[in-house]
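Notes follow once the structure below has been shown.
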Amino acid sequence: MVALGGLTAVVGSVVDGQTAAADEARVAGTFDDGLRPTEQTGPNRVQVRFGDGRLTTVERELRILTPTGVRSEIEVGGLVYTSGSARTAFVGGAVVRGQPENSWLVREPPVTVTRDNSTLVVGAAAVNESGATVSGSGGVTAHLRTNVTHTHTRFPTTNYRVAVETATPAPLARHFRSIGGRTTVTDIDGDGVPSVVFSVDGQQAVHLVVHAMHVEVAGG
């Protein structure tokens, strides 16, 4: 016979887990629909709603590497929502759901390679905000204001690798391999956050497009 208190605890745990999963999906959908810096220019407002949890900015880098070192380093930052085991992240233009050991892409990073491997097009969506957090319970709304600008730089042909820093490297690595690349995972700067390093055969020219979002985060 199951004690009533134990049964109540089990039911409560199941309900909490379902609520967290729903919040995770809702935030991922908001990131995917509202934060599209590769398609947007100028001001925009996005409301991120969740029942319980925490939305915070994080420090992340995207690097363009050559055989002699770092050709370019962009502070892309990121936005991460967490509530218990629920997690959703926006980093570099990609949207990822799940914890590092079990995560998947909702939207791929804006990094592509031409069919003949002659050109890499690297989009870098930069949050341009740090140290911001909105948290609470019982219904929370985080207000994001963005003002997107774009800069384009072309780098001459050589052997390039693209390194995207992320706490969830597995889904990004799978994506890069699916478009014909090779990947490794390494902690480039020793800060405890790994980077997925992506490369393709031969030499390429690189078109780097930085989508500066100038995000401002505020609570409701």
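All of the numbers you see were taken from the coordinates with simple rules; none came from a lab. The structure presented is a predicted model; accordingly, all values stated were derived computationally and were not measured. We place every Cβ from the backbone using ideal geometry, glycine too, and count neighbours over all the protein chains shown.
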Inset, instruction - Can you tell me the 0 to 90 degree angle between the C-alpha axis of helix 4-34 and the longest principal axis of the chain, rounded to 10? - result: 30
Inset, instruction - Determine the gain in length on full extension of the stretch Asp32-Arg115; use 0.36 nm per residue of separation and subtract their C-alpha separation, reporting nm with one decimal. - result: 27.2 nm
Legend entry - R0 of 35 Å, Cβ-Cβ distance Asn159-Ala22: FRET efficiency to nearest 0.05: 0.15
Inset, instruction - Post the alpha-carbon centroid distance, the range 25-40 to the range 66-121, in whole angstrom. - result: 14
Legend entry - Calculated FRET efficiency for the pair Arg49/Ala205, C-beta based, R₀ 35 Å, to 0.05: 0.25
Legend entry - ³J(HN,Hα), Karplus 6.51/-1.76/1.60, whole Hz, each residue of the range 191-208, x for Gly, Pro: 8, x, 10, x, 10, 8, 9, 10, 8, 10, 5, x, 10, 9, 8, 10, 10, 9
Legend entry - Gained length - Ile188 relative to Ser72, 0.36 nm times residue gap less alpha-carbon distance: 40.4 nm
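Within 10 Å of each residue's Cβ, count the other Cβ atoms and sort His211, His175 from fewest upward.
Fewest-to-most Cβ neighbours within 10 Å comes out as His175, His211.
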Inset, instruction - Find, to one decimal place in angstroms, the Kirkwood hydrodynamic radius of the chain, where the mean of 1/r is taken over every pair of different Cα atoms and then inverted. - result: 18.3
Legend entry - Given charges at beta-carbon only (K, R positive; D, E negative), |dipole| of the chain in Debye: 440
Legend entry - Angle between the chain longest axis and helix 169-178 axis [Cα atoms, degrees, rounded to 10]: 50
